[in-house]
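Q: Take a look at this one; I'll ask things after.
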Amino acid sequence: MNTETTLRRPPISPAVVVLGALIVLGLVVAIIRYVNGLGAISNLNNNTAWGLWISFDLLCGVALASGAFITASIVYLFGGERFRPLVRPAILTGFLGYLIVVLALMVDLGRPERIWHLLIFWNGSSVMFEVGWCVMLYTFVLALEFSPLVFERFGLEAPRRLIHALVIPLAIAGATLSTLHQSSLGSLFVILPDELHKIWFTPLLPLMFWLTAVAVGPAMVILESTISSRVFRRGLHLDLLGDLAKVIPFILAAYILVKFGDLAGSGELDLLFDGDLESGLWWLEIIGFAALPMVLFSLRAVRESNGWLMLSALLVVSGVILSRFAVSLIALGKPDFAESYAPHPLEFAVTVGVVAAGVAAFGLAARYLPLFVEEAPSTAAE
Amino acid sequence: MAKAILFDVFRCTGCRGCQVACKQWNDLPAEETHNTGSYQNPPRVSSDTWLVMEFREIENENGDGGLTWAFRRQACMHCLHPACVSACPVAALYKSDDGPVLYDNGRCIGCRYCILACPFEIPTFQWSEGLAEGAEIKKCNFCIDRLGAGMQPACVHTCPPGALMFGDRDELIAVAEARIAEHPERYVDHVYGKEEAGGTSLLYISPVPFEELGMPTLGSDPIQKDSESIMHIATPVVLGGMLVGLSGLYWVVRRRQEMMGKSAGSGRQGDREA
């Protein structure tokens with residue numbers, strides 16, 4: 001598998017410089033925002049109150065972090081003991097994903113210093129209330145699931161054993177909170193029956209968001225494992241990834257059925273032939289990013305090839321990104337006096353900055369924490 | 001008794017006295033604007049302008065040059081079932097018993113979901129306030145301070161042609177329907193806000209169709225009906241179902257593994273790949 005014979009060396013210097021610069025840039029932009037307001041660094045306005053940060057950092061960020069709960073559920077709850085080598089990197093990716101979301105929210109929220117108000121002022125009718133609680137609770141669960149790496153590193157035996165004893169309740173809590181959170185991000189847009197384009201609006205948005213999050217979880221594990229095996233020059237559990245990928249076609253098939261069934265149920269199938277931007281995106285997602293990876297992942301040859309696995313996983317990830325942007329930005333109607341919205345360059349700077357922080361944190365964890373553990377004999381030993 | 005305002009588009013002359021009165025009473029600063037090619041200014045409500053009169057040119061064969069003016073009041077509709085109140089995660093927005101939809105900015109976390117949820121595009125945010133100033137959500141508050149003193153809202157009080165009328169909602173609906181019945185040639189046969197989105201405290205009657213006036217076409221269900229069903233029914237069911245279901249599943253899987261002999265699972269698959 002490893003044909004290169006380069007020396008095993010921790011990947012630093014140029015990467016550190018680039019990541020550091022991006023993080024500092026993001027920080028500077030955030031400070032400008034805290035001094036001069038959201039309008040100073042973004043093109044957000046009263047017509048487009050949510051932009052790039054909600055569509056990408058929040059909606060895509062949370063969806064792409066789903067590998068953590070999928071992998072933890074498979075290993076701890078569904079008896080998939082042999083997938084254990086994938087758990088720690090998946091948990092870390094999920095944990096960092098949620099930290100990225102929280103960081104971005106600290107820029108996007110109008111009053112970030114009042115985030116704790118969610119704890120004391122309740123409104124059980126608000127989907128945003130559920131979203132807020134899920135972010136807080138699941139980030140906490142992920143922190144606990146991640147903590148053994150730190151405890152092991154510093155030889156703290158007692159707290160490590162405590163978390164070990166809680167691993168099953170944590171996995172159950174994680175899967176439950178993730179399901180609520182992934183679906184509630186879809187529910188956020190159920191309050192827009194007249195503003196969201198009919199082809200994308202449906203009360204089933206929570207189910208659709210959840211299904212795509214479940215499908216993208218294994219895809220993200222495939223991507224994360226492949227990339228980190230190359231960057232950190234580690235062995236790759238290709239057989240495990242291939243087996244993990246077997247679930248994806250079933251989820252995508254269910255998703256495609258729900259998408260068609262929903263439009264058929266509301267008698268809106270004719271919208272699919274309107275030939276407008278919204279129907280074009282719909283077909284692109286269903287054919288290119290759902291049906292195609294569904295077929296690919298069901299082929300043995302694809303599941304046994306690292307390159308094909310990665311390509312198919314990228315298709316699933318693209319589908320999730322497309323659907324989140326479509327629902328939260330592209331297919332959302334605007335009042336007729338509103339100008340169109342394109343993100344301000346500094347909005348990108350914030351997004352890139354928090355993602356860079358996440359990548360840097362992953363690199364640090366891979367270097368200093370026992371991230372890649374081999375409980376079962378595997379190719380990594382060669 | 002729920003208070004309401006009736007806006008008669010037929011009577012409105014577009015003088016914008018209401019817009020100015022709103023600014024004066026609520027002590028709102030002037031807004032820097034540009035010419036957008038219309039008498040209308042600014043283009044929409046904002047944190048400094050809670051009431052804007054929209055100037056609309058409507059095609060009409062009897063009008064001057066085939067066009068007539070129609071003026072739309074753009075301000076909070078004070079819905080009977082407000083989507084913004086349902087959407088607010090910290091219950092900063094609330095519906096008062098008398099009708100006004102009010103907000104406690106001390107609670108607001110600035111998530112701006114209310115802006116998204118409102119079908120009338122009414123709540124607005126202070127985009128140029130930093131942490132020190134503390135950005136807030138702003139919108140029409142029905143002149144709640146005037147109501148408390150037994151006065152009418154400033155916009156109603158100032159309206160020269162009597163296009164605005166303040167009173168009990170039921171009585172205003174009767175007035176609106178009587179005006180339509182008396183002059184069916186003047187009005188579209190519809191009281192906007194009587195049923196829309198579950199009913200609003202702002203009632204409109206108009207000589208031009210409401211879509212041409214720029215009012216959203218809404219059903220009689222509150223905007224948040226599905227979203228609240230999800231929160232009140234689906235979410236608790238999923239929460240309980242997942243906790244019980246996953247615990248049960250874990251128990252079943254574990255028992256089966258115990259019966260099959262624990263060691264089988266992990267070792268066998270791992271060896272094969274080498």
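Q: With charges set only on the Cβ (+1 for Lys and Arg, -1 for Asp and Glu), what does the dipole of chain A come to about its Cα centre, in debye to the nearest 20? Intermediate values should be presented prior to the final figure.
A: Numbers: 22 positive and 28 negative charges, 261 e Å.
Rounded to the nearest 20 debye, it is 1260 debye.
Q: Report the extension gain between A:Asn36 and A:Arg233 in nm, rounded to one decimal, defined as 0.36 nm multiplied by the number of residues separating them, less their alpha carbon distance.
A: Working: separation 197, 0.36 × 197 = 70.92 nm, distance 4.48 nm.
So the chain would gain 66.4 nm between A:Asn36 and A:Arg233.
Q: Under a Cβ-Cβ limit of 4.7 Å, which cysteines in the protein assembly as shown have nobody to pair with?
A: Cys with no partner Cβ under 4.7 Å: A:Cys60, A:Cys134, B:Cys12, B:Cys15, B:Cys22, B:Cys79, B:Cys88, B:Cys108, B:Cys111, B:Cys118, B:Cys143, B:Cys159.
Q: Further, regarding this structure: On full extension of the chain, what length is gained from B:Glu57 through B:Ala174, given 0.36 nm per residue of separation minus the C-alpha to C-alpha distance? Please report the intermediate quantities before stating the final value.
A: Numbers: separation 117, 0.36 × 117 = 42.12 nm, distance 2.91 nm.
Fully extending the segment from B:Glu57 to B:Ala174 adds 39.2 nm.
Q: Using amide H atoms built 1.01 Å from N in the peptide plane, name the residues 5+ places from B:Val188, or on other chains, whose amide H lies under 5 Å from its own.
A: B:Ser206, B:Val208
Q: Order of B:Tyr39, B:Tyr192, B:Tyr113, A:Tyr34 from fewest to most other C-beta atoms within 10 Å?
A: On the way: B:Tyr39 12, B:Tyr192 23, B:Tyr113 26, A:Tyr34 18.
By the 10 Å Cβ count, ascending, the order reads B:Tyr39, A:Tyr34, B:Tyr192, B:Tyr113.
Q: Further question: Using +1 at the C-beta of Lys and Arg and -1 at the C-beta of Asp and Glu, which of A:Ala349, A:Ala301, A:Trp50 has the Cα lying farthest in the positive direction of the dipole of segment A:27-370?
A: A:Ala301
Q: Shifting gears a bit: In whole Hz, what ³J(HN,Hα) sequence does segment B:185-194 give by Karplus (6.51, -1.76, 1.60; θ = phi - 60°), x for Gly and Pro?
A: Computed from phi, the couplings for segment B:185-194 are 6, 8, 10, 5, 7, 6, 9, 6, x, 5 Hz.
Q: What residue among B:Met259, B:Met151, B:Met231 has the largest mean-square fluctuation in a Gaussian network model of chain B, using Cα springs under 10 Å?
A: Ranking B:Met259, B:Met151, B:Met231 by mean-square fluctuation puts B:Met259 first.
Q: Sticking with this structure for a sec: For a Förster distance of 22 Å, can you work out the FRET efficiency between the beta-carbons of B:Ser96 and B:His157, rounded to the nearest 0.05?
A: Details: r = 20 Å, r/R0 = 0.91.
After rounding to 0.05, the efficiency reads 0.65.
Q: Work out how much length B:His190 to B:Glu32 would gain on full extension: take 0.36 nm times their residue separation and subtract the Cα-Cα distance, in nm to one decimal. Spell out each step's value before the answer.
A: Numbers: separation 158, 0.36 × 158 = 56.88 nm, distance 3.68 nm.
Here the segment from B:His190 to B:Glu32 would lengthen by 53.2 nm.
Q: If we count every other residue with Cβ under 10 angstrom of B:Asn105's Cβ, Lys/Arg +1 and Asp/Glu -1, where does the sum land? Working shown, then result.
A: Working: positive: A:Arg111, B:Arg107, B:Lys138; negative: B:Asp104, B:Glu136.
Result for the neighbourhood of B:Asn105: +1.
Q: Which of B:Leu28, B:Cys140, A:Ile251 sits closest to the plus end of the dipole of the protein assembly as shown, meaning its Cα is farthest towards the positive end, when Lys and Arg get +1 and Asp and Glu get -1 on the C-beta?
A: A:Ile251
Q: Indicate the helices, whole DSSP H runs only, in chain A that combine a mean Kyte-Doolittle hydropathy of 0.0 or more with a Cα extent along their long axis of 20 angstrom or more.
A: Values: long enough: A:14-36 (33 Å, 2.25); A:87-108 (31 Å, 1.85); A:127-153 (39 Å, 1.29); A:167-187 (29 Å, 0.96); A:205-231 (37 Å, 1.36); A:248-265 (25 Å, 1.61); A:306-325 (28 Å, 1.53); A:345-368 (34 Å, 1.42).
Result, helices passing both filters: A:14-36, A:87-108, A:127-153, A:167-187, A:205-231, A:248-265, A:306-325, A:345-368.
Q: Based only on other Cβ atoms within 10 Å, what is the fewest-to-most ordering of A:Ile222, A:Ile227, A:Ile41? Show your work: numbers first, answer last.
A: On the way: A:Ile222 30, A:Ile227 12, A:Ile41 22.
Starting with the residue having the fewest Cβ neighbours, the order is A:Ile227, A:Ile41, A:Ile222.
Q: Which FRET efficiency value, to the nearest 0.05, do you get for A:Tyr368 and A:Ala143 by plugging their Cβ-Cβ distance into 1/(1 + (r/R0)^6) with R0 = 22 Å?
A: Details: r = 17 Å, r/R0 = 0.78.
That gives a FRET efficiency of 0.80.
Q: In 5 Å bins starting at zero, report the fraction of Cα pairs in segment B:95-180 per bin as a rounded %.
A: Binned Cα distances yield the sequence 2, 11, 17, 18, 18, 15, 10, 5, 3, 1, 0.
Q: Name the residue from B:Gly162, B:Thr200, B:Leu172 whose Cα lies farthest towards the positive end of the charge dipole of segment B:162-201, charges +1 on Cβ of Lys and Arg and -1 on Cβ of Asp and Glu.
A: B:Gly162
Q: Let me spell out the model: positive unit charges on the Cβ of Lys and Arg, negative unit charges on the Cβ of Asp and Glu, origin at the Cα centre of segment A:272-362. What dipole size does that give, in debye rounded to 20?
A: 480 debye
Q: Dipole of the protein assembly as shown, Cα-centred, from +1 at each Lys and Arg C-beta and -1 at each Asp and Glu C-beta, to the nearest 20 debye? Numbers along the way, then the final one.
A: Values: 47 positive and 63 negative charges, 612 e Å.
About 2940 debye.
Q: Against the longest alpha carbon principal axis of chain B, how many degrees, from 0 to 90 and to the nearest 10, is the axis of helix B:235-260 turned?
A: With both axes taken from Cα atoms, the answer is about 10 degrees.
All of the numbers you see were taken from the coordinates with simple rules; none came from a lab. If you're wondering where the values come from, they're calculated on a predicted model, not measured in any experiment. Cβ sites come from the backbone with ideal geometry, for glycine too, and all protein chains shown count toward neighbours.
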